[in-house]
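The values are calculated or read from the model by the stated rules, or taken from the named source; none is laboratory data. Keep in mind that what you see is a predicted model, and the values were worked out from it rather than measured. Positions of Cβ are generated from backbone atoms using ideal geometry, with glycine treated the same way; all protein chains shown enter the neighbour counts. Keep in mind that these areas ignore ligands, DNA and RNA; they rest on the heavy atoms of the full protein, side chains included. Shrake-Rupley method; radii C 1.70, N 1.55, O 1.52, S 1.80 Å.
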Amino acid sequence: MDIFNDAMLWLTDPENWAGAGSIPVRTLEHLTFTALAVLVAAIIAVPLGYYIGHTGRGRVLAVGTAGAARALPTFGLMLYLVLIFGVSERATAATVALVLLAIPPLLAGAYAGVDQINRATIDAAKAQGMTDWQILTRVEIPLSLPLLIGGVRGATLQVVATVTLIAYVGLGGLGYDIIQGIPLRRLDQMVGAALLIIALALVIDGLLAVLTRLATPHGVSTGRGVDVRAREKRVDRSGRLSPATRVTQ
């Protein structure tokens, strides 16, 4: 408990909230690298995932590549890319490593979101005369949003945790205080910075969880394509399902 109390004292110290290396500055650096990596990864992975889910082409290759990318040691890859790009381009090298970390969950979320849609829904859209582009934009993308945002959620949390390592190559972030505290034996600083990273991850996860709920189309969360409230309206006064409801089950 003494270490935790010391960490709280470090977190509440006004000196740590002002200046070039203050907590707000480190937090902004952390969020900047996280947002940039997830955005670039989304630009690459989401269209590719939707293409694979819509057409079914390249499914085995994409899934296998994404699975293999998950096994890459991000820290080792980051250091290797810094050696290749050069110290002057270490920010680019770190960003590339983080992008490669974020691509697999985003690709899986986009692909799985389209793949899980009931084929009867797609056939009904085709029967209405929709083109492939209309089916993708008006049916598949809206219905896939919950799983896609789930992929964004997973990718963001992985990147938020891994951005801590960019301090090893002199790029700041909240991991800087942890790495600096190791040789100085400043446990209060190390634990305080770790608590900040945990709090940041929890806040981001909570916001994305709310976004997932908001993005879920009305009636999809039941898993049967029938909205619970719509079914309740078709229950007669005796407490039994109306004939129309029984037909739809």
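What do you reckon, is Asp188 touching a helix residue (DSSP H, G or I) at 6+ places or on another chain (Cβ under 6 Å), over 30 Å from Arg119 (Cα atoms) and open to solvent by 30 Å² or more (accessible area, probe 1.4 Å)?
yes
For (1) of a type in the set (Phe, Trp, Tyr); (2) out of contact with any helix residue (DSSP H, G or I) (no Cβ under 9 Å at 6 or more places or on another chain); (3) surrounded by fewer than 19 Cβ atoms within 10 Å (Cβ to Cβ), each residue gets a yes or a no:
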position	(1), (2), (3)
Ala69	no, no, yes
Phe75	yes, no, yes
Ser88	no, yes, yes
Ala93	no, no, no
Val99	no, no, no
Ala102	no, no, no
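Is it fair to say Val160 is in contact (Cβ under 8 Å) with a residue 40 or more places away in the chain and in contact with a His (Cβ under 7 Å, 6 or more places away or on another chain)?
For Val160, the condition - in contact (Cβ under 8 Å) with a residue 40 or more places away in the chain and in contact with a His (Cβ under 7 Å, 6 or more places away or on another chain) - is not met.
Yes or no, residue by residue, for (1) assigned to a helix (DSSP H, G or I); (2) at pLDDT below 75:
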| position | (1), (2) |
| --- | --- |
| Leu202 | yes, no |
| Thr212 | yes, no |
| Val226 | no, yes |
| Glu232 | yes, yes |
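Go through (1) open to solvent by 50 Å² or more (accessible area, probe 1.4 Å); (2) farther than 30 Å from Ala93 by Cα and name the single condition Ser144 misses.
It fails just one condition, (1).
For segment 1-41, which positions are open to solvent by less than 30 Å² (accessible area, probe 1.4 Å), among the small types (Gly, Ala, Ser) and in contact (Cβ under 8 Å) with a residue 12 or more places away in the chain?
Ala7, Ala37, Ala41
Please specify each residue of segment 168-200 satisfying the condition of being at pLDDT below 90, among the hydrophobic types (A, V, I, L, M, F, W, C) and part of a helix (DSSP H, G or I).
Of everything in segment 168-200, those that are at pLDDT below 90, among the hydrophobic types (A, V, I, L, M, F, W, C) and part of a helix (DSSP H, G or I) turn out to be Val169, Ile182, Leu184, Leu187.
Please specify each residue of segment 121-141 satisfying the condition of being of a type outside the set (Asp, Glu), in a helix (DSSP H, G or I) and open to solvent by 60 Å² or more (accessible area, probe 1.4 Å).
Lys126, Ala127, Trp133, Arg138 - these are the residues of segment 121-141 that are of a type outside the set (Asp, Glu), in a helix (DSSP H, G or I) and open to solvent by 60 Å² or more (accessible area, probe 1.4 Å).
Please pick out the residue among Ala37, Ala69, Ala45 that is touching a Pro at 6+ places or on another chain (Cβ under 9 Å), in a helix (DSSP H, G or I), at pLDDT 90 or above and not aromatic (Phe, Trp, Tyr).
That would be Ala45, the only listed residue that is touching a Pro at 6+ places or on another chain (Cβ under 9 Å), in a helix (DSSP H, G or I), at pLDDT 90 or above and not aromatic (Phe, Trp, Tyr).
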